[in-house]
Amino acid sequence: MIGYILRRLLSTISVMAVVGIVLFLLVNLAPGDPAAVIAGDTAAPEHIAAISKKRGLDEPLWTQSALWAWGVLQGDLGVSIFSNLPVATLIVQRTEPTLALALTTMAFAVTIAVSAGVLAAWKVGTWVDRTIMVVAVLGFSAPVFVVGYGLIYVFAMELRWLPVQGYVPLGCGLWPCLKSLILPSLALGFAYVALIACITRATMIEVLGEDYVRTANAKGVPRLRVLLGHGLANAAVPIVTVIGIGVALLIGGVVITESVFNIPGIGRLTVDAITRCDFPMIQGVILVFTGIYVLVNPSVDILYTWLDPRIRY
């Protein structure tokens, strides 16, 4: 088991190395001169050249990439062009809102989606099943920003139950923090719920048709125990897989959701960096998001071995 975990972790190192190289090349080969952005539109060519020399932007591309990679290995993601602060420091400052939003969304989405998928599989072919599938299709179809603005209009502007925008830190109290995250979590988790619910339903329908489930029903085992103990337990691996894949939805959705609800997280930091052409910040944020996604994959694989020990062999 330890060898399996080590192999999976080592594979992530090679993936991150390739991602880092590609990321650096994409950002630095894109149109635009970081030195000109720092100097401003009215700066003289001599001033731009001085900034390029000071920041090492006049060095060959391979030298810049080697220096950047060495800095990343030491935890240095560079310095922001506009704030002149370390990129790593700015990302850490914005971590709490994004982490709170992601955890709240996952808790809500997984709970609702798995329950809906199991219910749809149990009532397959009925109006309950069809209603859940219609909602799932809507979840796939509706963009995050459309859902977000719709929720703001109904629950914040018309009913005035929840705040329109903003984030309340956890230090100000658990309920105020959760209250500020309800609408963003619903908007971000809508598509996530649809994805997990569809996979849960399909997997549960297949499992509920197995011989051991029919035997349990014939013996008079309570229906809830059959659904959870026999059905959901054996359908867990595909469900966990799609939950892991759905992290990509969260990463992409966080950027849009934080912009719609004015949450000062990493997603909003990404948008600000792109609009300002803050190249070091763009590199750092994308590298962090990529690292999270790359680490989720081996974590899901390791979780497989706990859910189904046969995978170890």
Check: Ordered by residue, what ³J(HN,Hα) values in Hz, to whole numbers, does the range 72-83 give under the Karplus form 6.51 cos²θ - 1.76 cosθ + 1.60, where θ = phi - 60° and Gly and Pro are x?
Finding: 4, 4, 9, x, 9, 9, x, 10, 5, 5, 8, 8
Notebook entry, point to check: How would you classify the range 45-93 from its alpha-carbon gyration tensor, with a ≥ b ≥ c the square roots of the eigenvalues: rounded for a/c under 1.5, else prolate if a/b is greater than b/c, otherwise oblate?
Noted result: oblate
Item checked: Rounded FRET efficiency, nearest 0.05, which uses the C-beta distance separating Asn262 from Arg160 and R0 of 22 Å -> 0.80
Note to self: I want to verify a result. In a Gaussian network model of the chain, Cα cutoff 10 Å, which of these has the top mean-square fluctuation: Ile302, Ile239, Ile91?
What the structure shows: Ile302
Next item on the list: On a C-alpha basis, how far is the centre of the range 61-118 from the centre of the range 221-249 in Å? Whole number, if you could?
Entry: 29 Å
Check: Using alpha carbons only, how many degrees (0 to 90, rounded to 10) separate the axis of helix 247-260 from the longest principal axis of the chain?
Finding: 60 degrees
Notebook entry, point to check: Rg to Rh for the chain: what is it, with Cα atoms only and Rh by Kirkwood?
Noted result: 1.06
Notebook entry, point to check: Which residue fluctuates the most in the chain, going by a Gaussian network model with Cα springs under 10 Å, if the choices are Thr203, Thr63, Thr104?
Noted result: Thr63
Margin query: Give the separation of the Cα centroids, the range 257-303 to the range 170-201, in Å.
Written below: 18 Å
Item checked: Interchain or long-range residues, amide H under 5 Å from Ser80's placed H -> Leu85, Val87
Item checked: Peptides 69-78, 183-192, 118-127 ordered by average Cβ neighbours within 10 Å, highest first -> 183-192, 118-127, 69-78
Note to self: With the cut-off at 1.5 for a/c, could you classify the range 47-135 from its C-alpha gyration tensor as rounded, prolate or oblate?
What the structure shows: prolate
Notebook entry, point to check: Using the Karplus equation 6.51 cos²θ - 1.76 cosθ + 1.60 (θ = phi - 60°), what ³J(HN,Hα) coupling, rounded to whole Hz, does each residue of the range 105-114 give in order, writing x for Gly and Pro?
Noted result: 5, 5, 4, 5, 5, 5, 4, 5, 5, 5
Next item on the list: Just check the range 19-167 against the gyration tensor rule for me: Cα atoms, a ≥ b ≥ c as the square roots of the eigenvalues, rounded for a/c under 1.5, and otherwise prolate or oblate depending on whether a/b exceeds b/c.
Entry: prolate
Item checked: Rule-of-thumb Rg ratio for the range 83-239 [Cα; 2.2 N^0.38 Å; N residues] -> 1.31
Notebook entry, point to check: If you average the sequence gap of Cα pairs under 8 Å that are 6 or more apart and divide by the length of the chain, what percent do you get for the contact order?
Noted result: 26 percent
Check: Under the Karplus relation 6.51 cos²θ - 1.76 cosθ + 1.60, θ = phi - 60°, what is the ordered set of whole-Hz ³J(HN,Hα) values for the range 13-19, x standing for Gly and Pro?
Finding: 5, 5, 5, 5, 5, 5, 4
Notebook entry, point to check: Which of Asp129, Asp211, Asp301 moves most in a GNM of the chain, Cα contacts under 10 Å?
Noted result: Asp211
Next item on the list: Show that you can apply the helix-only estimate: for the chain, add -39,500 (n - 2.57) for every DSSP H stretch of four or more residues, divide by all residues, and state [θ] at 222 nm to the nearest 500.
Entry: -23500 deg cm²/dmol
Checklist line | Farthest toward positive dipole pole in the range 152-307 [+1 Lys/Arg, -1 Asp/Glu at C-beta], among Asn297, Ser185, Ile256 | finding: Ser185
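No value in this document is a laboratory result; all are computed from the given coordinates. These numbers come from a predicted model, not from an experiment. Quick reminder, even Gly has a Cβ in these numbers, built from the backbone with ideal geometry, and neighbours come from all protein chains shown.
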